[in-house]
Amino acid sequence: MEFVWIGAGVLIAIVFLVLLSGIRYIPNNRIGIVERHFGLRGSVKSGFIAMNGEAGFQPQVLRGGLHYLMPIQHTVHIVPLVTITQGKIGYIFSRDGAPLAPDQTLAANVTVNDFQDVTAFIKNGGQRGPQRRVLREGTYAINLMQFVVITEEKVYSSPLSRDDAQVIQRMAEVIGERKGFRPVVIKDTDDLVGIVTVHDGPSLPQGEIIAPIVGENVAATDTFHNNFQNPDHFLAAGGFRGRQLQVLVEGTYYVNRLFATVEMIPKTTIDVGMVGVVVSYTGTAGADQSGTEYRHGELVERGRRGVWSEPLLPGKYAFNTYAGKVLPVPTTNIILKWIRSDVGAHRLDENLSEVSLITKDAFEPSLPLSVVIHIDYQKAPLVIQRFGDVKRLVEQTLDPMVSAYFKNVGQTRTLIQLLQERSQIQAQAGEEMREKFMHYNLQLEEVLIGTPSSAAGDKAIETILAQLRQRQIAVEQIETYTRQQTAATKERELREAEARAQQQRNITESELSITVQSNQGKAEYQRALQQAAQIRALAEAEAEKVARVGIAQALATEEQVRAYGGPQFQVTQTVMSRFADAIQQSRVDVVPRVIVGGGAGGPGGGTGSVMEGLLTLLLSEKLGVNLQNEAAVQRSAEAEALRAQIRQNLTRPETGSQTGGDGQPSTAAN
């Protein structure tokens, strides 16, 4: 009986130990994956996870704490929680679920929520293999027997075999090569756009090279793919596998790199003075926009396949260069130089060279040219549709046309005419070629002709140019000498003007002096006239007075003469009176102090003195000698007539007035 009790005690102890061994402790930072070794339903018939209690890995996981499981029947595999760090992406690989369709690359699991419920994942049609959905930042309690989580730092997995580990490692390497653990970040300073290539979904239709934009016309917003961040919605909206027309612009995008890769390309920049003509490789066919007169191709509206009728104006564009090509067309003036050593700013003339001419006089110069053209921005698509690009237009059309025109011009002119008539040739070329350029939808602005040059070793052109230079130098010398002569004349005039200006004061003073003297002369002349008139009046008065006095004296004298015995006596008396006055004034002795006698006096023997003569005259008068002659008698008759007139004048009243020669009254003398 004691033995029985001992056996029962041991059995109880064993049962207790067995029951105690079924308790499992799971740390809070880990989870437990339950593996059942046997069960009432046997082993798993299909799949990898025991969904119905079969032997195998169970879908539920054990969270932190104490858990009791039947000993021996269960094994708990403790694994860490899955942590996705900030700004990173985690990728999921499912070991169990529905198989992928033939056109699938990634598993489609539209209704699965973060892969933490394995039962819901499998029952809702979750597929095995790499998943389209990714894990964002956070910590997840994921059954690592069902799912493998690949992050940049580590791979969360419970390896089943060596081959399984190799597959997971290879998948991690592919994601790393595509930089898939970090989101796509496009900075605004980079001026880049993202070209997306989708690696899952149905293939493009035959003949298409770019997948069209999807989701824009979808009514249900939940089917929009949000810039390829929701692959299931993208495919549900009708997205295709391949390179996409839609691009990614500035922003951050959490894109599954197993679903789609992103290539960065620069934005398309249209500079000022340019337009961009778009040649689209995708889109549906559109109606011709070029018009009935244009027969060199069709232009389509924007978004259609072909050459767009509206060019891109200056700016930056997120243009997918895989879906089309943007050909820049300058809208500013384009200078095309037919000069081998000189290239214009647009470099459209880098293959052009001087035009070889043969002149009328058999010279072979090379003519450098510059042609200025302009392309209307609205006609830029017509130019591109017709020629492909502007450089091809220059080299295949403009170069032969311009060269042929000037070759024809050279054949009609001599070399000297070609040099001297350059301006005329330019104007004529501009007028005649403008219409030809308009035929190619171009506007000709200007034609410029340079100086012809000869080939190496040919000195003929240089000789002619030297002769022309010498001729021109001679002409210029003649002109110079003429100008110098004119300058000398002007200089002389200038010097004269300066000298005249310096003497102007003296000239002015002299002219003023002449005027003053002239005025003074006129004044003096008038004064002299007045004085002469005055003198004449005075003289006339004085003469009249003297005449009156003289007449009075004459009458008195006549009376005295008569009283003294006649005129002879009066003459003698007058002479003696004058003689006595002369002797008195000169103080000459009347009787000489010394008398020298020279002989007897008399009429024939010597000369008597003056005194003797006077005495003789007086004695003759006294003796009654008549000395009058006929002249005296005549004078006596005239005197008698004069005396009669004087007596008549004297008989007038003494106070009578007379009028002078100047019209003024004058008083007669007594």
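Here are some notes:
- Residue check, Lys337 within 30 Å of Val249 (Cα to Cα), out of contact with any helix residue (DSSP H, G or I) (no Cβ under 7 Å at 6 or more places or on another chain), not in a loop (DSSP other than H, G, I, E, B) and not aromatic (Phe, Trp, Tyr): no
- Looking only at segment 121-132, and only at residues there that are surrounded by fewer than 22 Cβ atoms within 10 Å (Cβ to Cβ) and touching a strand residue (DSSP E or B) at 6+ places or on another chain (Cβ under 9 Å), the one that is nearest to Phe228 (Cα to Cα): Gly129
- Search result, residues across segment 274-289 that are surrounded by 13 or more Cβ atoms within 10 Å (Cβ to Cβ) and either out of contact with any Ser or Thr (no Cβ under 8 Å at 6 or more places or on another chain) or over 25 Å from Glu208 (Cα atoms) (or both): Met274, Val275, Val277, Val278, Val279, Ser280, Tyr281, Thr282, Gly283, Gly286, Asp288
- The listed residue being in the same structural domain as Asn441 (by TED's automatic domain parsing), without any contact (Cβ under 8 Å) to a residue 40 or more places away in the chain, surrounded by fewer than 20 Cβ atoms within 10 Å (Cβ to Cβ) and not β-branched (Val, Ile, Thr), out of Arg392, Arg413, Arg386: Arg392
- Filter pass, Ile514 being surrounded by 10 or more Cβ atoms within 10 Å (Cβ to Cβ), aliphatic (A, V, I, L, M) and under 30 Å from Glu431 (Cα atoms): no
- Considering Pro59, Pro80, the condition of being at pLDDT 90 or above, over 30 Å from Arg241 (Cβ atoms) and surrounded by fewer than 16 Cβ atoms within 10 Å (Cβ to Cβ) is satisfied by Pro80 alone.
- Any hit, segment 77-96, residues being farther than 20 Å from Val167 by Cα, touching a residue at least 60 places away in the same chain (Cβ under 8 Å) and either assigned by TED's automatic domain parsing to the domain that holds Arg257 or touching a Pro at 6+ places or on another chain (Cβ under 9 Å) (or both): yes
- Residue count for segment 94-119, restricted to those that are over 20 Å from Phe228 (Cα atoms) and either modelled with pLDDT of 90 or more or touching a strand residue (DSSP E or B) at 6+ places or on another chain (Cβ under 9 Å) (or both): 13
- In segment 47-68, the residues that are without any contact (Cβ under 8 Å) to a residue 40 or more places away in the chain and part of a loop (DSSP other than H, G, I, E, B) reach residues that are polar (S, T, N, Q) and crowded, with 16+ Cβ neighbours inside 10 Å with C-beta atoms within less than 8 angstrom, at least six apart or across chains, in these pairs: Ala50/Gln58.
- As for segment 312-329, it holds no residue that is in a loop (DSSP other than H, G, I, E, B), among the hydroxyl-bearing types (Ser, Thr, Tyr) and within 18 Å of Asn441 (Cα to Cα).
- Just one of the listed residues (Ile209, Ile175, Ile168) is β-branched (Val, Ile, Thr), in contact (Cβ under 8 Å) with a residue 24 or more places away in the chain, in a loop (DSSP other than H, G, I, E, B) and farther than 18 Å from Leu248 by Cα, and it is Ile209.
- Helices (runs of 4 or more DSSP H) contained entirely in segment 383-457, each with at least 1 residues that are among the hydrophobic types (A, V, I, L, M, F, W, C) and at pLDDT below 90: 415-420
- Check on Val214, more than 23 Å from Gln86 (Cα to Cα), out of contact with any strand residue (DSSP E or B) (no Cβ under 6 Å at 6 or more places or on another chain) and of a type in the set (A, V, I, L, M, F, W, C): yes
- Subset of segment 349-382 that is part of a strand (DSSP E or B) and out of contact with any Pro (no Cβ under 7 Å at 6 or more places or on another chain) - its residue that is nearest to Gln411 (Cα to Cα): Ser356
- Lone qualifier among His37, His67 - being surrounded by fewer than 16 Cβ atoms within 10 Å (Cβ to Cβ) and in the same structural domain as Arg128 (by TED's automatic domain parsing): His37
- Reported count of residues in segment 425-455, each being among the charged types (D, E, K, R), over 24 Å from Asp389 (Cα atoms) and more than 29 Å from the chain's Cα centre (by Cα), is 1.
- Summed over segment 248-294, the residues that are touching a residue at least 24 places away in the same chain (Cβ under 8 Å), within 44 Å of the chain's Cα centre (by Cα) and outside any strand (DSSP E or B) give a count of 10.
The values are calculated or read from the model by the stated rules, or taken from the named source; none is laboratory data. What you see is a predicted model; the values in this text were computed from it and never measured. As a convention, Cβ positions derive from the backbone with ideal geometry for all residues, glycine included, and neighbour counts pool all protein chains shown.
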